[in-house]
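Some notes on the structure that comes next.
What follows is calculated from the coordinates using simple rules that are stated; it is not laboratory data. Note that this is a predicted model, so its numbers are computed, not measured. Please note: Cβ atoms are built from the backbone with ideal geometry, for glycine as well, and neighbour counts cover all protein chains shown.
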Amino acid sequence: MSTFTIPVGPQHPALKEPTSFRLEVDGEVIVNADLRLGYNHRGIEKLAESRSYIQNLFLMERICGICSNAHTACFTHGVEKLMGIEVPKRATYIRCLIGELERVHSHLLWLGVAGHEVGFDTFFMYTWRDRETIMDLLELLSGNRVHYCLYTYGGVRRDLDEGQIQKCLEAIAFLRERTAYYLNLGATEPTFVARIAGVGKLPKEKALELCAVGPLARASGVAVDIRQDDPYVGFGEYIPFHIQTDEGGDLLARVIVRAKELMESYNICEYILKNLPAGEVRVKAPRKVPEGEVVSRVEAQRGEDIHYIRSNGTEKPDRVKVRAPTLANWPATLYMLKGAYVADTPIIMAGIDPCMSCTDRMVEIADVRGDVKVWDWETLRQYGMNFHGKRKV
Amino acid sequence: MSGITAEEIKSSLEQNLHGKIEAVTVTAPRRIFLTVQPLDLPQVARFLHDKLGVTHISTITGRDTGTNVEALYHYSKDGNVVTVRVPTARDNGSIPSIISLFAGAALYEREVHDILGVHFDGNGDLRPLVLPDGWPAGVYPLRKDWTYNQEDGVLKK
Amino acid sequence: MEALKIFAYLLVYPGLLFLFFYSTLVQWADRKLYARFQNRMGPTYTGFCGMLQPIADFIKLMAKEDIVPAAADKGLFALAPILGLASVFTAALLLPVWHFSANVQSVTSFQGDLIVIAYLLSVPSLAYFLAGWASRSMFAAIGSVRVLTLLFSYEVPLFLAMLSPAVLAGSWRMAEIAAYYQQHPAHILFTLFLGFPVAITCLQAKLERVPFDIPEAETEIVGGAFTEYSGRKLAMFRLLIDVEMVVGAGFIAAIFLGGFPGGLVPGFVWFVLKTLAVIFVLCLIRAVTGRIRIEQMVNFSWRFLAPVAVIQLIIVILMKGFLP
Amino acid sequence: MKLQLGAMVPEVMKHLFRRTATIQVPFVPHPAPGNIRGTPVMDPLKCIGCKRCEMDCPAEAIEIKKEYEYKNEAGKLIRRFSMTLYVDRCTHCSQCAESCPVDAIQMDQHYDHAAYTREELKFLYKPEPMPVVAAQPAAPVADAPKA
């Protein structure tokens, strides 16, 4: 039987963000897969070169909505190294806390999406409902649900008070119980297990060869975690951390690794909240950054996030390179798709927790001060009527 | 935290690849920078892969220095980042591909080719990855002489 | 008077009018239940507790632009929803709801109507297949192939499960099966524990609901056979699925749960209660499972559903020998 | 772990009779936590016109303009500035409030801005018209549409 090609994307219900796969299928089995990125390219790397460091702080946050803190953290750590400033200890604790809370919200989101991709919508609804707890918490701590804007050069912008710490501890106790339930459910519900066990196998050698990162690599038994290998914000130094891996290499292992990481994050958060040192939360930072170059890495929720920053002694960086974890995981995804069933495509893709906004970073940018093309209500209405009038509908 | 340290990597590189590498510096804990000429890159990459056991390449950064273009290969091993700087010419610059050793680098090479116009010899698949269809050939947005305003309407047919 | 009765039977109850409104109500109940299972609200704004929401959706879809793909087979594309809808409405007329007495045969109740209704309920699946095939779209093509594969996997267990009550009652007529259960209420138990679950599972597959919504798996193949449908035709398909749900539930209730005794008004009440009970179970199944793959479905139905239905049949035949 | 058919049934049955987790926003008000970062509000009396907010705004949503200057009775030169805030671009990051050396910009609690045109989302904070006679400056007027 000859093969035929299915386009998955740029718009497809399985993809929450635009990207494009071309799957060559033979019946229900995929024989070849190809990838095209760039639908979300916003030119952030180019844009960063024309913005000051303070503006870039917020620009980096907007690379992605889910790992907003990870990118800012990575960028800020790098710039602080260039500036040569030491961050107060209380500030690093709060930075670590917000990073782990973000990981919790992202992993809960992923659990829900995994459920949704295999048609288990109830699982999706419950995990997302419980994720709201963490979103409310983040809003309470930082003033916003998604873009926390908590990082600044030399520390954090908001301090924690006693009431907030209490609320955090309560929420974490609640989420710990729920996560245990989901972990149990994910491993016992037959239809769910049937869809994830043995699906999307990625052997350890392949994970190493294709440079997979994050939970994907850890679920294949590769013990890489930037928090352990290349510690930042005090991991391993004064904040205890244990790497979580699984040998399965399939989607079930990825679910388990993420659930275990959730538990580990709860432990870290509780440790931080109970051992928060007193003191300042920020020191003054210069506006100009001395010349130099730095490679900064952070373990984002999806894996290793790496920034290369080069400064030239002015207020604006010379080059900012962002490599988000999703891009590193695409080769492994293409490998996993070959030989899989068409029905497993969405869950395999979702298995790496893809984030197109992170992957693509560039598009034409209109000068916002200039003539912004605006479609007002009436023009839109007229356009619609003309469009349908021409087609005689 | 365990495993090889930055200083060990540095001394190992200096001993074994004498003459091939320049300016090996440890700028910060676990950060090594070195410069390699394009034609020596395969040998350095092979040394890193076979002798030092580096399997992971984090990314390839492309940078326009104004006079030439350089690609920075960020290899990662036990928490150390070995950044190999490979300078090449701005026009028709080319660097040997490393995808036979590091299969994961294929997309990074495509991306650098897209945005800076560096050709990677040996990578057969250098189709546009991030730039839109219909992007004119020979226009590389991340070069310093490219600005948004000048390319206004670049996509209009 | 008789003519009026037939007219009312065709158009009012259980004909067009009742089926339309009742199926929208059932859709509402299904959505609301599903939402409450998921700790959500479900339809809220249209009518009392959002009861009119399905009707509003229907009207909205009817008013939408009707797009026919340029490459599609236009005749077949338009015919498929009408074919499906006609067959389920016809099937509804065969349900033993109103002026049936077990002794009198009529044009809507005869020996073998059990088989006829089962076949009429299979026609929608064929309509989905034709719809997907006529769309000439990649996703629709995969969807329609999956519709047929699914049809082959659930149809046999369903027929086997249906056989047991028929054998028990010794009749191929739904009214007589229902009457048999009404005379021997305890005999419901014989088919309740094996045959009924198999039939419910197959009905779930027939209605293409989670965990068997493989042909229209939204996250995999967009909308399956309905990918290219829009406007009026999609509205017809949506109505078709709801009516099929009502008829399917009524059918299961008639042959497994003792029918709808007592003439017009009590029969109506029984009909609503029993179909809603079946739909509650269907909705619960939908809420607590994920979608399985097509080859897992085939495995499941031949390795599990069909043998269970056969065991049920053997039990019933043995019981038949011992019963007075 | 052992597979268990219908593992989620107890959970969903329990929730059938519970209060829903969702509410009917916007018909039922959903209160934001007290320290949410809202929209910048400017006090024209305090502004010294250093334009640091304009420089640091990552979305380029702030425009500071000099309105007028005059000498008051004491002979002191007084400059007054207005701020135009393009709320459609504002990312509510509160960097402006942080950059301001005289605390002329504060964040309020409004976050739900929606309008049919961009003009409605242009908030103008300007000082009182210049006093004809050099008198005591009056209270400022925030010429912002009511949210």
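Under a cut-off of 12 Å between alpha-carbon atoms, report the aspartates and glutamates in cross-link reach of B:Lys10, not counting same-chain residues fewer than 8 places apart.
Within the straight-line cut-off, B:Lys10 pairs with B:Glu22.
Could you grab the Rg to Rh ratio for the range D:71-115? Cα atoms only, Kirkwood for Rh.
1.13
Given bins 10 angstrom wide, list per bin the percent of all Cα-Cα distances in the range D:34-124, short to long.
Over the range D:34-124, the share of Cα pairs per 10 Å bin runs 17, 47, 26, 9, 1 percent.
At a Cα cut-off below 19 Å, give the aspartates and glutamates reachable from C:Lys60, other chains included and same-chain residues fewer than 8 away excluded.
The qualifying aspartates and glutamates are C:Glu228, C:Asp242.
Based only on the alpha carbon positions, what is the Kirkwood hydrodynamic radius of the range B:6-121, in angstrom?
Hydrodynamic radius (Kirkwood, Cα pairs) of the range B:6-121 is 14.1 Å.
Charges only on Cβ, +1 for Lys and Arg, -1 for Asp and Glu: so what's the dipole of chain D about the Cα centre, in debye to the nearest 20?
The dipole magnitude comes to about 400 debye.
Once the Cα atoms of helix C:231-256 and of chain C are each reduced to a long axis, what angle between those two axes, in degrees from 0 to 90 to the nearest 10, is obtained?
20
Computed FRET efficiency, Cβ-Cβ of D:Glu60 and A:Ala173, R0 51 Å: what is it to the nearest 0.05?
The formula returns an efficiency of 0.70 here.
Which lysines, if any, have their Cα less than 19 Å from the Cα of A:Lys274, not counting same-chain residues under 8 positions apart?
Of all the lysines, those that pass the test against A:Lys274 - Cα under 19 Å, at least 8 places apart if same chain - are A:Lys89, A:Lys167.
Can you list which of the GluC sites (Glu not before Pro) found in the range A:205-261 are DSSP loop residues with at most 10 other C-beta atoms within 10 Å?
Taking the range A:205-261 and a limit of 10 other Cβ atoms within 10 Å, the loop GluC sites (Glu not before Pro) found are A:Glu247.
Can you sort B:Lys144, D:Lys51 so the residue with the fewest Cβ neighbours within 10 Å comes first?
Sorted ascending by nearby Cβ count, the order is B:Lys144, D:Lys51.
Divide the volume of the convex hull of the Cα atoms of the range A:4-359 by its number of residues and quote the answer in cubic angstrom per residue.
It is 118 Å³ per residue.
Using +1 at the C-beta of Lys and Arg and -1 at the C-beta of Asp and Glu, which of B:Gly124, C:Gly250, C:Val288 has the Cα lying farthest in the positive direction of the dipole of the protein assembly as shown?
C:Gly250
Computed over the Cα atoms, what is the radius of gyration of chain C divided by 2.2 N^0.38 Å, N being its residue count?
0.99
To the nearest 10 degrees, how steep is helix C:306-322 against the longest Cα principal axis of chain C, on a 0 to 90 scale?
For helix C:306-322, the angle is close to 20 degrees.
Normalised by the empirical 2.2 N^0.38 Å for globular proteins, what value does the Cα Rg of the protein assembly as shown take?
In units of the 2.2 N^0.38 Å rule of thumb, it is 1.09.
Would you kindly derive the ³J(HN,Hα) couplings of the range C:156-167 from the backbone phi angles with the Karplus curve 6.51 cos²θ - 1.76 cosθ + 1.60 (θ = phi - 60°), listing them in order in whole Hz, with x for Gly and Pro?
5, x, 5, 5, 4, 5, 5, 4, 4, x, 5, 5
Taking amide H positions as placed in the peptide plane 1.01 Å from N, state which residues far from A:Phe120 in sequence (5 or more) or on other chains have amide H under 5 Å from it.
Correct list: C:Arg291.
Work out, step by step, the length gained on full extension between D:Val9 and D:Glu128: first 0.36 nm times the residue separation, then minus their alpha carbon distance; give nm to one decimal.
36.3 nm
For the protein assembly as shown, give me the percentage of DSSP beta bridges that are antiparallel, rounded to the nearest 5 percent.
Once the DSSP bridges in the protein assembly as shown are tallied, antiparallel ones form about 90 percent.
What ranking do D:His92, A:His107 get, fewest neighbouring Cβ atoms within 10 angstrom at the top?
D:His92, A:His107
Compute the convex hull volume of the Cα atoms of the range C:248-324, divide it by the residue count, and report the result per residue in Å³ as a whole number.
So the per-residue hull volume is 109 Å³.
List the residues whose amide H sits under 5 Å from the amide H of A:Ala33, counting only those 5 or more places along or on another chain, with H placed 1.01 Å from N in the peptide plane.
Distant-sequence amide H within range of A:Ala33: A:Glu24.
Given bins 10 angstrom wide, list per bin the percent of all Cα-Cα distances in the range C:124-268, short to long.
12, 36, 27, 18, 8, 0
Of the options A:Gln244, A:Leu210, A:Thr188, report the single residue whose Cα projects farthest towards the positive end of the charge dipole of the range A:4-359 (beta-carbon charges: Lys, Arg +1; Asp, Glu -1).
Ranked along the dipole, the leading option is A:Leu210.
From the helices alone, meaning DSSP H stretches of at least four residues, give me the mean residue ellipticity at 222 nm for the protein assembly as shown, per-run term -39500 (n - 2.57), in deg cm²/dmol to the nearest 500.
-14500 deg cm²/dmol, from helical runs alone.
Nearest 10 degrees is fine. How inclined is helix B:6-16 to the longest principal axis of chain B, computing both from alpha carbons?
90
What is the set of long-range amide H partners of A:Gly43 at a cut-off below 5 Å, with H atoms built 1.01 Å from backbone N?
A:Arg361, A:Met362, A:Val363
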